[in-house]
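Before any comments, here is the structure.
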Amino acid sequence: MSAGSDVDDDLTVEQRRRLERAWRRIWISQLLVLPATLVVVFVVNARLDPPTPRPGHHPVPTWVPWSIAAVLLLVVIPIQFRLLRRRFFRRDTTARALIVSGDRRDIRRVYRSLRRGETISDDDRPIAQACVDSARRQLRTAPWLVLALLLLGAVAVGLPAASHRPVPWFVAVMMILALVMIGGSFVQLRRALTGARAQGLTSSRGERGRTWTSG
């Protein structure tokens, strides 16, 4: 899963390495999350399907998680890999600009300083600028993510209710956790942008030009 010839030629050697490392982290995490999710589904399903069924307990049919796994492994992940690979390495996105702007530790340090309203040094301003552009992009896309989660929750609750079956408790818990995490991220992003604005850092993506990056 290395970048190979897909990496933008305009980047420095160190920036290419940062992209390659980020690409590997993204895909390794996805490949780890998939089996972990399936294990959780099977464990919860087994608890809802005891040897002696009790009223109100309706396990998910065994073929459902297996079908989801097959679709993810054979269709979604390969297509996603091919579609996102070139975009990740070639498109001048805010996420890519943030990745190549500095080391992960430096990015976390600068982002934390922005949230706390601390003064950013001149050497860290390229990273801070990339953080600002990425934060604004995330805030623009956040409403669509929340809408998708709400629609998913409506379907997850509506289908069992329509068939007069109890709503799986873990679905409600996962939806609440997801919304809490999104809300927390929103607050952190707003605090970072407030701290950046106090130091004259605003979005540089109005013309969709490149942000300045450090090698």
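Only the coordinates and a few stated rules stand behind these numbers; no lab work does. Everything numeric here is computed off the predicted structure, so don't read it as measured data. Reconstructed Cβ throughout: ideal geometry from the backbone, glycine too, with neighbour counts over all protein chains shown.
What order, most packed first, do the peptides 179-192, 91-104 have when packing is the mean number of other Cβ atoms within 10 Å of each residue?
Working: 179-192: 14.2, 91-104: 19.1.
Ranked from most to least packed, the peptides come out as 91-104, 179-192.
How do the peptides 82-89, 111-118 rank, highest first, by the average count of neighbouring beta carbon atoms within 10 Å per residue?
On the way: 82-89: 13.8, 111-118: 17.5.
Going by the mean number of other Cβ atoms within 10 Å, highest first, we get 111-118, 82-89.
Using θ = phi - 60° and the Karplus curve 6.51 cos²θ - 1.76 cosθ + 1.60, what whole-Hz ³J(HN,Hα) does each residue of the range 124-130 get, with Gly and Pro shown as x?
After applying 6.51 cos²θ - 1.76 cosθ + 1.60, I find 8, 5, x, 5, 4, 4, 5 Hz.
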